[in-house]
Amino acid sequence: MAEAVEDGLTPPAWRQRVAPLRDPLARFVTLRWVPLVAALLSLALSGVAIYTATQQPQVLLILPHQIRVAQGRSTGAAYVYFQPAFVNTGQNDRVEVIRDMTLRVQRADGSAPPTDFQWNEVVSLVTDPATGALTYQHDADAVPIVISAKNAAAPLSLFQAPSGWFFTPGTYTITLTANRVVAAAPVTGQVTLTLSADNVTFLDQPGTDKFLTLPVQ
């Protein structure tokens, strides 16, 4: 049997077959593709960052489980204390501003047209040192509320009915509408309030305005 002989000039056939396979492997090992992949990944991440940063802030409205109602016979109209909470749930650092709020009150049976209570001021709940009863003090006017990703807002707000409007016994649908500055669509929420005849009789007592804390659904 003849033996394969290398003449020193021509590589044997098995070397010729292996050599082409080593060139792609060598190119892969040199990692020349890494900068290109990194650039494409960076471009994709930049696109996601720009998209996220330009999104409008998302505001979640959380309504309280109670409302404080007063008939305001001495002031000429009913008014309520209501404390909505606003939370910015957006994925960026853009802030939202609540420009103003309106509380629409309507009898659930539709027997009367709706009435809009206007947001007049922000107050705080304090204890009267003389009587030990709860009362309110003025904190701020109804100014715009800034809401950021790190700071929620829960203003205890006074809403007043038009002059001459008072609650009567019955069930009411109460809708809060908060108008925003950055986003065009307002934030809204709705609860239901029921006042009995005894509730209204208590609120209508002569003298200093009295308020009741009532649950809402």
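The values are calculated or read from the model by the stated rules, or taken from the named source; none is laboratory data. Every value quoted in this text rests on a predicted model; they were computed, and no experiment measured them. Ideal geometry is used to build each Cβ from the backbone, glycine not excepted, and the neighbour counts take in all protein chains shown.
Looking across the range 134-168, the residues that are in contact with a strand residue (DSSP E or B) (Cβ under 7 Å, 6 or more places away or on another chain) and outside any strand (DSSP E or B) come down to ALA142, PRO144, SER148, ALA149, ALA152, ALA154, PRO155, LEU156, ALA161, PRO162, TRP165, PHE167. Among residues of the range 77-116 being assigned to a loop (DSSP other than H, G, I, E, B) and acidic (Asp, Glu), the one that is surrounded by the fewest Cβ atoms within 10 Å (Cβ to Cβ) is ASP109. Just one of the listed residues (PHE86, PHE117) is in the same structural domain as ALA149 (by TED's automatic domain parsing) and farther than 15 Å from LEU60 by Cα, namely PHE117. Of all residues in the range 120-147, count the ones that are more than 22 Å from LYS210 (Cβ to Cβ) and of a type outside the set (Val, Ile, Thr). Residues in the range 120-147 being more than 22 Å from LYS210 (Cβ to Cβ) and of a type outside the set (Val, Ile, Thr): 4 in total. Residue count for the range 52-76 under the criterion of being on the phi > 0 side of the Ramachandran plot and either modelled with pLDDT under 85 or surrounded by 15 or more Cβ atoms within 10 Å (Cβ to Cβ) (or both): the result is 1.
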